[in-house]
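These notes concern the structure reproduced below.
The values are calculated or read from the model by the stated rules, or taken from the named source; none is laboratory data. Here the structure is a predicted model, which is why all the values come from computation and not from measurement. Cβ sites come from the backbone with ideal geometry, for glycine too, and all protein chains shown count toward neighbours. Surface accessibility is based on the protein's heavy atoms, side chains included, excluding ligands, DNA and RNA. Shrake-Rupley method; radii C 1.70, N 1.55, O 1.52, S 1.80 Å.
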Amino acid sequence: MQKGIIFGILLLTSLFCVSPVFAQQAQSEQDQSLLPDINPQDIEIRSQFQARFPGLRRQPILGFNPRPRVFQIDPNRMPFIEDEETVVANLPIGQLSRPDPPDYDMLDYAMPKNAFIRAGVGSYITPEVDAFATAKLSESNWISTDIHFTSSDGHDESVNTSYRFADAKLKSFNRISDRTNLIIKAGAISDFNHQLQLDTDVEELLDTNTKITRLGFKGSADVEVASTSMSGTTVSASGFFDEYSTTSGLSAFEETATEAGGTFEADYSRLGNNLYEIHSLNLQTEIGSTSPLFSDSYSWSVNTLSASYERLFNYKTDVQVSLGASGVTDAVNDFTVYFSPKAQIKHTLFRGLEINLEASAAPSYQTYSDIRSENRFFNVNSAIEHQYEMRALGELEMEPFAGTKIVGGASFQDIKNYLYYSRESEPMEIADIDAGYYTAQFRDASIFKVYGGFTQDLKADVLWFSADGYWQIPTLSNDDRIPYTETVGINAALSLRAKDNLLLEGWGEFAGGRKDHIGDSIDSYFLIGGRFELSLTDQFGVYGKLVNLLNDNYELWQGYEERGFQGFVGLTFLF
C-alpha cells in the first residue's frame with residue numbers, strides 16, 4: 001500500500017509540473033504589425049525572423065534597393081494584424097526542426113566503406129568473428145549483413161564448459177518514394193552451452209552432462225510514411241521461432257522446447273497547432289506460444305493502445321504525456337487489463353543544467369530468448385508470467401563546460417510478478433539431487449536506486465573517459481533480497497588515441513552485495529580489461545585484448561565459476 005502511495009505522489013508531482021509551463025505561454029498583448037504589405041508567407045525563419053519589405057519606399061539604406069517594383073495596393077484593404085504565435089503555427093513546422101545533437105561515441109577504430117571484418121582467437125581456444133558488409137544495389141535500395149560468432153573449448157577441466165554463439169542478420173532498405181521507406185530484416189541464431197554441475201552426493205549424477213542447443217529464426221518488415229520530419233505513419237510486423245533441444249547423460253532431462261511469437265505495431269503522428277507540438281496514436285500487439293520442457297504448451301499476449309501528446313515550450317521545457325490501456329494473458333493469469341500511463345518532463349533551467357522527471361506504468365512479457373540472454377543456465381522448463389512495472393524517476397544532468405557531462409538521479413520501481421531465479425530442488429522427482437538447474441520464480445518486488453555518472457572528453461578525438469555507479473535496494477515482497485542482484489555497481493572506461501593509427505582502451509567493472517537463491521552471500525567481483533587497435537594500412541590492422549587481468553575467480557550464478565584471465569589477438573580488415 002505504501003509503494004502505491006509513493007508512486008501516486010510522484011506521478012501527480014510530475015503532472016502538476018506541467019501547469020507552470022502552460023502559464024508561461026500566455027501573452028499579455030498581441031504584437032501588431034502596421035506594415036500593410038507584409039505577407040506572412042514571405043517570412044523566413046533561421047532561428048529568428050528576417051522580414052523583407054519589397055513594397056516599401058524608404059530613403060536609401062546601405063544594402064537596400066530604394067527602387068523596387070511596386071504594384072498598386074487597395075488603400076482600403078485591412079492591414080495584416082495577427083499575433084506572433086499564430087503566425088508561427090501556420091508555417092511549415094517540419095522545416096523548422098532543429099536536429100538533436102549526436103550522442104558522443106567512444107573513439108572509433110575506422111569507418112569502413114563496404115565491409116568490416118575483425119577475426120581473432122583467444123586462450124581456451126576461443127575464436128571470435130565480427131563482420132559487417134553493405135552494398136548499394138540501386139539508387140533506392142541498400143542491403144547489409146551483420147555476423148557475430150564466438151565459441152570456446154571450455155576453461156574447466158572437471159566440467160564441460162564449452163559453448164558457441166552465432167548470430168547472422170540481413171537487412172534491406174528500400175526507398176519506395178521520397179516519403180515512404182520499406183525496411184526488411186531477417187536473421188538466424190545458433191548456439192549451445194552446457195549446464196552447470198548438479199548438486200548431489202551420488203557420483204553417477206555428479207558427472208551428468210546436459211547440453212542445451214538453440215536454433216532460431218527471426219524476421220521483420222517496417223513501412224515508414226513520413227508527412228514531415230516530425231509526423232507520419234509507421235507500420236511494422238515481426239516474428240520469431242526458437243527451438244531448444246537438450247541432450248543429457250540422464251535420459252530424464254532429454255526433451256525439446258519451442259517458442260514462437262509475433263509483434264504488430266502501428267503508429268500515427270501529426271503536428272499540432274503550436275510549434276513543436278505532436279499528437280500520436282499507437283497500437284502494439286505481441287502474441288506467442290510456448291512449449292516448455294516436460295510441460296504443456298500455453299499462449300501469451302500483450303496488447304496496448306495509447307494516445308500521446310508532446311510539446312516543447314519556450315525551447316526549454318519538453319513535455320510528453322501518454323495515456324493507454326493494456327490487456328495481458330499468460331500461462332498462469334487470465335486476461336487482465338492494466339492502466340498504462342506515462343509522463344515525462346525535461347526542463348532546461350539554464351544552459352548546461354537540465355532536469356528530467358518521469359513516471360510510468362506498463363506490462364511486459366519476457367520470452368525464453370530474453371531470459372537466456374541474462375541467465376544462460378535457465379532450463380526453459382518454466383511457465384512464464386507477465387510483469388507490471390510502475391516506475392518513477394528524477395534526474396539532473398549538468399554540462400559545466402564543453403566535453404564534460406555529469407548525471408545523477410534516483411528511481412523507484414514497484415513490480416508485480418518480478419522474475420528471479422532459483423535452482424530446482426529434486427528435479428524430475430529425483431530425490432538424490434539437492435539442486436538442479438535454474439528455473440524461473442515470480443514474486444512482487446521493489447527496487448530503489450540512486451545513481452550517478454561522469455563523462456569527460458579530455459581532449460577531442462584523443463582522450464575520453466567515463467564512469468558511472470549506483471546503489472540500490474532490491475527487495476522481494478517477503479522482505480528477502482532479490483537473488484543474484486547486486487546492491488552496488490561501478491563501471492569505468494578510458495579510450496586514448498595515442499597516434500592516428502593506434503587506439504588504446506581500458507575498462508573496469510565492480511559488483512558487490514549479492515546473495516544467491518537460498519540467502520547466502522556471493523563474493524564481489526572486480527574485473528579489469530583492455531585492448532588495442534593498430535592500423536598498419538588503410539585496409540589492414542591488428543588488435544589485441546586482455547580480459548579479467550586480475551584473474552579473479554568469481555561466479556555470476558551460484559554453481560558455475562566464470563573464466564579467469566584471457567588474452568586475444570586478431571586481424572582487422574576494412575574495404
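If you go through the range 121-171, how many residues are open to solvent by less than 40 Å² (accessible area, probe 1.4 Å) and acidic (D, E)?
2
Modelled with pLDDT under 95 and of a type in the set (V, I, T) - does that describe any residue in the range 551-573?
yes
Mind listing whichever residues of the range 373-387 are open to solvent by 30 Å² or more (accessible area, probe 1.4 Å) and in contact (Cβ under 8 Å) with a residue 60 or more places away in the chain?
So in the range 373-387, the residues open to solvent by 30 Å² or more (accessible area, probe 1.4 Å) come out as 373-374, 376, 383, 385.
Listed by number, the residues that qualify are R376, A383.
Here are some residues: E486, E505, E533, E509. Which one is closer than 24 Å to I117 by Cβ and within 26 Å of the chain's Cα centre (by Cα)?
Details: E486 fails: closer than 24 Å to I117 by Cβ; E533 fails: within 26 Å of the chain's Cα centre (by Cα); E509 fails: closer than 24 Å to I117 by Cβ.
Going through E486, E505, E533, E509 in turn, just one is closer than 24 Å to I117 by Cβ and within 26 Å of the chain's Cα centre (by Cα): E505.
For the range 172-190, name all the residues that are modelled with pLDDT of 95 or more, open to solvent by less than 60 Å² (accessible area, probe 1.4 Å) and either of a type in the set (D, E, K, R) or farther than 18 Å from I143 by Cβ (or both).
Passing the criteria: I189, S190.
Condition first: in a loop (DSSP other than H, G, I, E, B) and out of contact with any Ser or Thr (no Cβ under 7 Å at 6 or more places or on another chain). Now tell me which residues in the range 124-142 satisfy that.
Going through the range 124-142, the residues in a loop (DSSP other than H, G, I, E, B) turn out to be 124-125, 139-140.
Residues satisfying the conditions are E139, S140.
Which residue is nearest to E505 (Cα to Cα), if the candidates are limited to the range 409-435 and must be in a strand (DSSP E or B) and either open to solvent by 50 Å² or more (accessible area, probe 1.4 Å) or free of Cβ contacts under 8 Å to residues at least 24 places away in the same chain (or both)? Don't jump to the end; show me each part of the working.
As a first pass, look at the range 409-435 and keep what is in a strand (DSSP E or B): 409-423, 433-435.
Now drop any that are not either open to solvent by 50 Å² or more (accessible area, probe 1.4 Å) or free of Cβ contacts under 8 Å to residues at least 24 places away in the same chain (or both), which leaves 416, 434.
Working: K416: 41, D434: 44 Å.
Among those that are in a strand (DSSP E or B) and either open to solvent by 50 Å² or more (accessible area, probe 1.4 Å) or free of Cβ contacts under 8 Å to residues at least 24 places away in the same chain (or both), it is K416.
Quick grid of which residues meet (1) closer than 28 Å to R376 by Cα; (2) touching a Ser or Thr at 6+ places or on another chain (Cβ under 9 Å); (3) of a type in the set (D, E, K, R); (4) at pLDDT 95 or above:
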| position | (1), (2), (3), (4) |
| --- | --- |
| S238 | yes, yes, no, yes |
| T247 | yes, yes, no, no |
| A252 | yes, no, no, no |
| G288 | yes, yes, no, yes |
| D296 | yes, no, yes, no |
| R311 | no, yes, yes, no |
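Within the range 321-335, can you find the residues that are modelled with pLDDT under 95 and either within 23 Å of the chain's Cα centre (by Cα) or β-branched (V, I, T) (or both)?
Within the range 321-335, V332 is the sole residue that qualifies.
In the range 202-213, is there at least one residue being touching a strand residue (DSSP E or B) at 6+ places or on another chain (Cβ under 9 Å) and part of a helix (DSSP H, G or I)? So that I can check it myself, show each step before the final result.
To start, the set of residues in the range 202-213 that are touching a strand residue (DSSP E or B) at 6+ places or on another chain (Cβ under 9 Å) comprises 202, 205-206, 208-213.
Within this subset, residues satisfying the condition of being part of a helix (DSSP H, G or I) are 205-206.
Yes: the range 202-213 contains one or more residues that are touching a strand residue (DSSP E or B) at 6+ places or on another chain (Cβ under 9 Å) and part of a helix (DSSP H, G or I).
Which one is nearest to L205 (Cα to Cα), of the residues in the range 436-453 that are out of contact with any Pro (no Cβ under 9 Å at 6 or more places or on another chain) and either open to solvent by less than 40 Å² (accessible area, probe 1.4 Å) or touching a residue at least 40 places away in the same chain (Cβ under 8 Å) (or both)?
Of all residues in the range 436-453, those out of contact with any Pro (no Cβ under 9 Å at 6 or more places or on another chain) come to 438, 440, 442-444, 450-453.
Now drop any that are not either open to solvent by less than 40 Å² (accessible area, probe 1.4 Å) or touching a residue at least 40 places away in the same chain (Cβ under 8 Å) (or both), which leaves 438, 440, 442, 450-453.
Details: Y438: 17, A440: 23, F442: 29, V450: 45, Y451: 45, G452: 47, G453: 47 Å.
Here the residue is Y438.
Residues are listed down the side, and each one gets a yes or a no for (1) surrounded by fewer than 17 Cβ atoms within 10 Å (Cβ to Cβ); (2) in contact with a Phe, Trp or Tyr (Cβ under 7 Å, 6 or more places away or on another chain); (3) more than 30 Å from V332 (Cα to Cα); (4) among the acidic types (D, E):
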position: G239; (1), (2), (3), (4): yes, no, no, no
position: G249; (1), (2), (3), (4): yes, no, yes, no
position: A252; (1), (2), (3), (4): yes, no, no, no
position: F264; (1), (2), (3), (4): yes, no, no, no
position: L271; (1), (2), (3), (4): no, no, yes, no
position: L275; (1), (2), (3), (4): no, no, yes, no
position: G288; (1), (2), (3), (4): no, yes, no, no
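Looking at (1) in contact with a Phe, Trp or Tyr (Cβ under 6 Å, 6 or more places away or on another chain); (2) open to solvent by less than 40 Å² (accessible area, probe 1.4 Å); (3) under 30 Å from E224 (Cα atoms), which is the one condition that is false for L196?
Condition not satisfied by L196: (3).
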